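Accompanying notes for the structure given below.
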Amino acid sequence: MSWDLVLAFMISFAVTIVVGLVLIPALRRMKAGQSIREDGPVWHNKKQGTPTMGGIMFIAGITVSCLVVGLREMRDGQLNHIFVLVFALIFAAIGFLDDYEKLKKKQNLGLTVRQKFLLQLAVAVAFVLLMRLTGNLTTNLYVPFVNTILPIPEPLYFAFAAVVIVGTVNSVNITDGVDGLATGVSIPVAVCYASVAFLWGYTTLGIFAAALAGGLVAFLIFNFHPARIFMGDTGSLFLGGAVCAMAFAMDMPLILIPLGIVYFIETLSDIIQMTYFKLTKGKRVFKMAPLHHHFEMCGWSEYKLFIVFTAVSAVFAALSYYGVFYRYAG
């Protein structure tokens, strides 16, 4: 199994690199450049026109890796990694529509909030239903660190799952606001999932997680500051879908709290800022939200943001691994 994970990582890494070398020039020729949000830091304006939809690179790498390395398991009827992959791909399709609308309108506005929410909600419910009907998901809520199980009524669990999935996907999307940030933060998350899959003997999910890590490491070569390409909503929604789908496929959704700590702090800062702004009629808690922009306004470089946020993610990924380590012990 360990060699399968190594192979999944390597194939995803290699395919992502090759696709990137072809895709970036193609996107430039198509003038598929990112429109920078008008209320963002003014120094981001120089990024105007940087190719977007780069998530296609690691999506291709992960897909090829899962199909090649997981072929034997697929023939044996083990399809968990395919369920996760398809779920993430559907979210990527929603992101692609959003990116396409932005490019067509030549501004940082794609699908409406309502359109994205309804699409994401429908996909989330369908995924949870599929995992439940195929016997890959229980309604017993595993609590990491205390190693206990909480039985949850099925309707309540479905509502909980839908909220968690949509919230997580959009949290990852919000984190993607600085060169390499969402990519760097998500690599420890993928490594944690691969480690847990190896620990518990979840072969197919381990293949997906290792492929995810390989694709992101390769993408970071192009996405690190100064970024030659952005992942776009195509990539960030795929990534968000992958992160939360893995948690549910492993039947441990609460692990998303420590494992996705950076995503959720970013989102919380946005919520706090908007709520306080409305309540005080114009006052702000942060210089700019989400949190990475606040630190930018405080003088942090994009390089420092990447290092600190990725380090925090790595620490919490290690804690998350420890938090579920004894689930099947003995």
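The values are calculated or read from the model by the stated rules, or taken from the named source; none is laboratory data. Here the structure is a predicted model, which is why all the values come from computation and not from measurement. All Cβ positions, even for glycine, are placed from backbone atoms using ideal geometry, and neighbour counts span all protein chains on display. To get the accessible areas, we keep the full protein, side chains included, count just its heavy atoms, and leave off ligands, DNA and RNA. Shrake-Rupley method; radii C 1.70, N 1.55, O 1.52, S 1.80 Å.
Give segment 262-277 a look and list any residue that's touching a Phe, Trp or Tyr at 6+ places or on another chain (Cβ under 8 Å) and either buried (at least 20 other Cβ atoms within 10 Å of the Cβ) or closer than 14 Å to Ile165 by Cβ (or both), or say none.
Here is the first cut: in segment 262-277, the ones touching a Phe, Trp or Tyr at 6+ places or on another chain (Cβ under 8 Å) are 262, 269, 272-273.
Scanning segment 262-277 gives Val262, Ser269, Gln273.
Please verify whether segment 95-107 includes one or more residues that are at pLDDT 95 or above, touching a Gly at 6+ places or on another chain (Cβ under 8 Å), on the phi < 0 side of the Ramachandran plot and buried (at least 21 other Cβ atoms within 10 Å of the Cβ). It would help to see each step written out before you state the result.
So the first thing to find is which residues in segment 95-107 are at pLDDT 95 or above, and the list is none.
The answer is no, given that none of the residues of segment 95-107 is at pLDDT 95 or above, touching a Gly at 6+ places or on another chain (Cβ under 8 Å), on the phi < 0 side of the Ramachandran plot and buried (at least 21 other Cβ atoms within 10 Å of the Cβ).
Among the numbered criteria (1) at pLDDT 95 or above; (2) open to solvent by 10 Å² or more (accessible area, probe 1.4 Å); (3) of a type outside the set (A, V, I, L, M), which one does Thr203 miss?
(1)
Among the residues of segment 206-246, what is the count of those that are surrounded by 24 or more Cβ atoms within 10 Å (Cβ to Cβ) and among the basic types (Lys, Arg)?
0
Could you figure out which of (1) modelled with pLDDT of 95 or more; (2) open to solvent by 20 Å² or more (accessible area, probe 1.4 Å); (3) more than 19 Å from the chain's Cα centre (by Cα) isn't true of Trp3?
The number of the failed condition is (1).
Only one residue in Pro258, Pro253 is closer than 28 Å to Phe58 by Cα, in contact with a strand residue (DSSP E or B) (Cβ under 9 Å, 6 or more places away or on another chain) and surrounded by 17 or more Cβ atoms within 10 Å (Cβ to Cβ), so which one is that?
Pro253
What number of residues in segment 60-94 are at pLDDT 90 or above and open to solvent by 20 Å² or more (accessible area, probe 1.4 Å)? Quick ask: steps written out before the conclusion?
Filtering segment 60-94 down to residues at pLDDT 90 or above leaves 60-76, 78-94.
The next check asks that each one be open to solvent by 20 Å² or more (accessible area, probe 1.4 Å); those that pass are 60, 63-64, 67-68, 71-72, 74-76, 78-80, 82-83, 86, 89-90, 93.
Result for segment 60-94: 19.
Can you find, within segment 157-200, the residue that is nearest to the chain's Cα centre (by Cα) among those that are open to solvent by 20 Å² or more (accessible area, probe 1.4 Å) and more than 24 Å from Pro290 (Cα to Cα)?
Ranking the candidates gives Val191 first.
Taking Gly55, is it at pLDDT below 90 and closer than 29 Å to His292 by Cβ? Steps first, please.
On the way: at pLDDT below 90: no; closer than 29 Å to His292 by Cβ: yes.
Here the answer is no, as Gly55 does not meet what is asked.
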